[in-house]
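Every number here is computed from the coordinates shown, using simple stated rules; none is lab data. Worth saying up front: this structure is predicted, and the values here are computed from it rather than measured. Please note: Cβ atoms are built from the backbone with ideal geometry, for glycine as well, and neighbour counts cover all protein chains shown.
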């Protein structure tokens, strides 16, 4: 029996195939890193791997605010012409994939296991959604279990496929910081959100910002940087609010005159944490901006 027959059968069972580094569908940016995987196992449409990606990563134990921001950012980025790459993990990774799907875009999940071993198991339904609008990728052949040592190596593929890496929320220490450091070593851009110093779960993002990562307060911060560097024709969001933002419950309390946080909490009746989370989401979408110590509708002038 040919030694390749079991592998061929395993790939056939999950409708997967192998890309060599010489294949036309191999991710072009991944070829440029110092240690590209010679083979990639792929489920889904390999042509998706040719598009410009933004990697979106972060904490597994993310806050509700962090999850909402990951969904919002990913959705807005695909609306502007980017596509999302992440690692299918619980927390920020899963939220980023979901945001890309919600925005009608494409997303790729890079796995730390064999292409037939969805991990975590709770993301099997999400993986099926991804396959309908993207693909699953692994450097490990079918049957390989999701071992701890696989994930740091997996991270180099996430950053290596992407023009830039956004860390949404990360504590210290964090696997997301490994991905960010790998992106730096690969010559790619790193972006991070500016969390409050009082939030220990955002300490990793603050470290990245101190180390030179680009601060993100709105999605256009990413789009403008990557568009200018790589000559991409991205649809900036500054002059339009995405449908998800237009339906926000908070927008009814905002207009052309600045409204501060305390007044928004009083007027809306929502807890301050929920108001802050929604303000952050709307600001990242470009639907609102800061002015006069408060917030107004629309992007900054």
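On the first, second and third principal axes, largest extent first, how far apart are the outermost C-alpha atoms of segment 63-104 in Å?
Reported extents, whole Å, longest axis first: 27, 19, 12.
Subtract the Cα-Cα distance of residue 200 and residue 13 from 0.36 nm times their separation in residues, and report this length gain in nm to one decimal.
Stretched fully, the residue 200-residue 13 segment lengthens by 62.9 nm.
Just 159, 289, 72 to compare: in a GNM of the chain, with alpha carbon springs under 10 Å, which one fluctuates most?
289
Could you list 118, 288, 222 so that the one with the fewest beta carbons within 10 Å of its beta carbon is first and the one with the most is last?
Ascending number of Cβ neighbours within 10 Å: 118, 222, 288.
Which value in nm describes the separation of the simple spin-label points at residue 224 and residue 268, placed 7 Å from the Cα toward the beta carbon?
Between residue 224 and residue 268, the simple spin-label model gives 2.5 nm.
Would you mind ranking 214, 207 so that the residue whose beta carbon has the fewest other beta carbons within 10 Å leads the list?
Ascending Cβ contact count within 10 Å gives the list 214, 207.
Between helix 272-285 and the chain, what is the angle of the helix's C-alpha long axis to the longest principal axis, kept within 0 to 90° and rounded to the nearest 10?
In the chain, helix 272-285 runs at an angle near 70 degrees to the longest axis.
Calculate for the chain the 222 nm mean residue ellipticity that helices alone would give, adding -39,500 (n - 2.57) per DSSP H run of length 4 or more and normalising by residue count, nearest 500 deg cm²/dmol.
-11000 deg cm²/dmol
Could you work out how far the C-alpha centroid of segment 48-73 sits from that of segment 99-172, in angstrom?
So the separation of the two Cα centres works out to 11 Å.
Compute the long axis of helix 175-185 from its Cα atoms, compare it with the longest principal axis of the Cα atoms of the chain, and write down the angle in degrees, 0 to 90, nearest 10.
80
Only Cα pairs within less than 10 Å get springs; with that Gaussian network setup on the chain, which residue of 86, 75, 113 has the largest fluctuation?
With Cα springs under 10 Å in the chain, the top fluctuation among 86, 75, 113 is at 113.
Could you work out how far helix 219-230 tilts from the main Cα principal axis of the chain, as a 0 to 90 degree angle to the nearest 10?
For helix 219-230, the angle is close to 50 degrees.
Identify which of 129, 139, 189 has the largest mean-square fluctuation in a Gaussian network model of the chain, with springs joining Cα atoms closer than 10 Å.
129
Give the order of 249, 195 when sorted by the count of other beta carbons within 10 angstrom, beginning with the fewest.
249, 195
With an 8 Å Cα cut-off and a minimum separation of 6 or more residues, compute the relative contact order for the chain in percent.
16
Please compute the contact order of segment 243-297 in relative form: average sequence separation of alpha-carbon pairs under 8 Å and at least six residues apart, divided by the residue count, as a percent.
In percent, rounded to a whole number, it is 48.
Mean 1/r over all different Cα pairs, inverted: what Kirkwood radius does segment 243-297 give, in Å?
10.9
For Cα extents along the principal axes in Å, several values are listed as [x] 59, 53, 35; [y] 75, 37, 34; [z] 58, 44, 37; flag the one computed from this structure.
[y]
Just want to confirm a number: the relative contact order over segment 73-201, from Cα pairs under 8 angstrom separated by 6+ residues, in percent.
Computed over segment 73-201, the figure is 20 percent.
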